[in-house]
Amino acid sequence: RLEPISFNELGFAILWGRGDVDAALTQYNKALQLNPEFSQTHFLLADLYLKERQIHRAMPYLENMEKTIEPQSPTVYGLLGHHYALAGRDDKARRILSLLLERMESEHVPAAAIAYLHLGLGDYDEAVEWLNTAYEERDSSLVWLKKYWAYDVLRDDARFQNLVARMNFPDQ
């Protein structure tokens, strides 16, 4: 029996492997049919629509994700804030940023979570600083530096290029 995460993974693989948006959407919708409240599916749909610059289509998924997300996951919470910023909801993004910075006083919050927020808000200098901290933390989410579309705004930045070089990714 397939779970929603199986359809999400298949959709993700199709999207990033072949770039087939329609086929990925089909898989994500199958996941929603199995569990309409599965926050990962809402994240993936919001991410896809933001990548395609279809903000109006991303918003319902962001709002649903916010209702179902586990706030205990700072990285996912940071991505939610990143997406809100890209959707023009800087107020929500800054609220999440404040909450995560406050949490840093009492618990570990991955630097990448803070970097995502700054990236979405257009604070690129701050984003790069936090990504370098994430590198020092050996944050596994940095495996997406070369491919994830949200980093495209930093591709020409020498500091970002240096970070990618330090990651020592294998050639494709």
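The values are calculated or read from the model by the stated rules, or taken from the named source; none is laboratory data. Everything numeric here is computed off the predicted structure, so don't read it as measured data. In this analysis, Cβ positions are derived from the backbone assuming ideal geometry, glycine residues included, and neighbour counts consider all displayed protein chains.
Here are a few things to note about the model shown:
Residues are listed down the side, and each one gets a yes or a no for (1) over 25 Å from Val143 (Cα atoms); (2) touching a Ser or Thr at 6+ places or on another chain (Cβ under 8 Å); (3) touching a residue at least 60 places away in the same chain (Cβ under 8 Å):
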{"site": "Gln33", "(1), (2), (3)": "yes, no, no"}
{"site": "Glu37", "(1), (2), (3)": "yes, yes, no"}
{"site": "Tyr49", "(1), (2), (3)": "no, no, no"}
{"site": "Pro74", "(1), (2), (3)": "no, no, no"}
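- Looking only at residues in the stretch 59-97 that are small (Gly, Ala, Ser) and within 15 Å of the chain's Cα centre (by Cα), the one that is surrounded by the most Cβ atoms within 10 Å (Cβ to Cβ) is Gly81.
- Checked against (1) modelled with pLDDT of 95 or more; (2) crowded, with 19+ Cβ neighbours inside 10 Å, Arg155 passes all but condition (2).
- Subset of the stretch 29-47 (residues that are more than 16 Å from the chain's Cα centre (by Cα) and not in a loop (DSSP other than H, G, I, E, B)): Asn29, Lys30, Ala31, Leu32, Gln33, Leu34
- Per the listing Leu131, Leu142, Leu101, the residue uniquely under 13 Å from the mean Cα position of the chain (by Cα) and either surrounded by 15 or more Cβ atoms within 10 Å (Cβ to Cβ) or farther than 26 Å from Gly19 by Cα (or both) is Leu142.
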